[in-house]
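Everything on this sheet refers to the single structure shown next.
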Amino acid sequence: MAMLKELAAELIGMFFAEKRLTLEVLALVAVTGLLVDFVGLDALVGGVILLFGSLGLLIASVCQAARPRPS
Amino acid sequence: MGSWLAVAPAVTAAFLASIVEAVEAFTIVLAAATLRGWPPAALGTTAGLALLAAIVLLLGPLLDRVPIHLLQLAIGILLLLFGLGWLRRASLRAAGIIPLHDEDAIFASEAADLAEQANRQRRSLGWAAGITALKAVLLEGVEVVFIVIAVGAGPASGRSLPARWCSLPELSSTGRCRASRRILSNLASASCCRLSECFGPGKGLGIAWPGQDLALLLFAALFLGAGLIGSGFARKLAAVEFA
């Protein structure tokens, strides 16, 4: 049982290792989906939001990891 | 002949992904075997392969029951998370924030963990080695399954050749082999892997890019650029810390 838990944790860690980045990306995809499906935003504009949103989140996450922690 | 040419990139990508993951699993199995000998490591490896085959046989047919657009969306999101994680690590490695992937260090660490685990849990070293080999094979095997599903269901298996070929660098070097330890190669491969991932959720959301698969080339440049910019910022932030 302990091994199964450990395996599950490692599998989840494959995709959700960085919690903050994961939540931000999921929020971005959800917002894009809502805008395209329910607000009627052009799908291509939604794609651009998704693309540049991902780029921005990536850079922000890298900077966040490199920022000195207050001691 | 034509059909073989068309499927060759997807087949090659899946093959290379399997090799990369197999190297990771083999490093751990080798550590277990070095510490305790081959019988427990081989037994753990065989059990892991059997368990993996059973999982694939049991769960594989269930994929057919999931609506294709939901599958594309779910796999696209997972790939986006997976790829962003890779690119983030590559940028941090390029900036010197985290160390480069080192198979030798992993080997040493696994061997030390194994010995410590056997002592702590009062298990025989053979049992611990077998379990470690089983876990490594099962875990890396599941990663291969995910990647193969992604290559098969994702945009990289799409119609045109550029998209298929663009997915190859992702799978051929993910920062694990010696050649890809070089920072730029690491960044480039991670950036290339972003090509298909960005298309993933987009496809599930019904987004059609102008130029279709050729847009992947633009994505490659954009994500490579983002990786380099992030790395540059990270290097500056780290320099401020040490100043």
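The values are calculated or read from the model by the stated rules, or taken from the named source; none is laboratory data. Source: prediction; values computed, not measured. Please note: Cβ atoms are built from the backbone with ideal geometry, for glycine as well, and neighbour counts cover all protein chains shown.
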Of all residues making up region B:9-52, the number that are under 20 Å from the mean Cα position of the chain (by Cα) and either among the small types (Gly, Ala, Ser) or outside any helix (DSSP H, G or I) (or both): 8
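Do you know which of the residues in region A:2-28 that are of a type in the set (Asp, Glu) and part of a helix (DSSP H, G or I) is farthest from B:GLN72 (Cα to Cα)? Spell out the reasoning first.
First, pick out the residues of region A:2-28 that are of a type in the set (Asp, Glu): A:6, A:10, A:18, A:24.
Imposing the further condition that a residue be part of a helix (DSSP H, G or I) reduces the set to A:6, A:10, A:24.
Working: A:GLU6: 28, A:GLU10: 23, A:GLU24: 20 Å.
For region A:2-28, the residue satisfying everything is A:GLU6.
Answer with yes or no whether A:VAL31 is in a helix (DSSP H, G or I) and either modelled with pLDDT of 90 or more or hydroxyl-bearing (Ser, Thr, Tyr) (or both).
Working: in a helix (DSSP H, G or I): yes; either modelled with pLDDT of 90 or more or hydroxyl-bearing (Ser, Thr, Tyr) (or both): yes.
It is true that A:VAL31 is in a helix (DSSP H, G or I) and either modelled with pLDDT of 90 or more or hydroxyl-bearing (Ser, Thr, Tyr) (or both).
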Selection within region B:86-110 - more than 11 Å from chain A (Cβ to nearest Cβ) and polar (S, T, N, Q): B:SER109
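I'm checking my understanding of the structure. Among residues of region B:55-85 that are buried (at least 19 other Cβ atoms within 10 Å of the Cβ) and more than 10 Å from every other protein chain (Cβ to nearest Cβ), which one is farthest from the chain's Cα centre (by Cα)?
Of the residues in region B:55-85, the ones buried (at least 19 other Cβ atoms within 10 Å of the Cβ) are B:72-73, B:75-85.
Within this subset, residues satisfying the condition of being more than 10 Å from every other protein chain (Cβ to nearest Cβ) are B:72, B:75.
On the way: B:GLN72: 18, B:ILE75: 14 Å.
Checking each candidate, the answer is B:GLN72.
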Going through region A:53-67 in order, the residues found to be touching a residue at least 40 places away in the same chain (Cβ under 8 Å) and surrounded by fewer than 17 Cβ atoms within 10 Å (Cβ to Cβ) are A:GLN64
Taking region A:4-58 and keeping residues touching a helix residue (DSSP H, G or I) at 6+ places or on another chain (Cβ under 6 Å) and more than 7 Å from chain B (Cβ to nearest Cβ) leaves A:GLU24, A:LEU28, A:LEU35, A:LEU41, A:ILE49, A:GLY53, A:LEU57
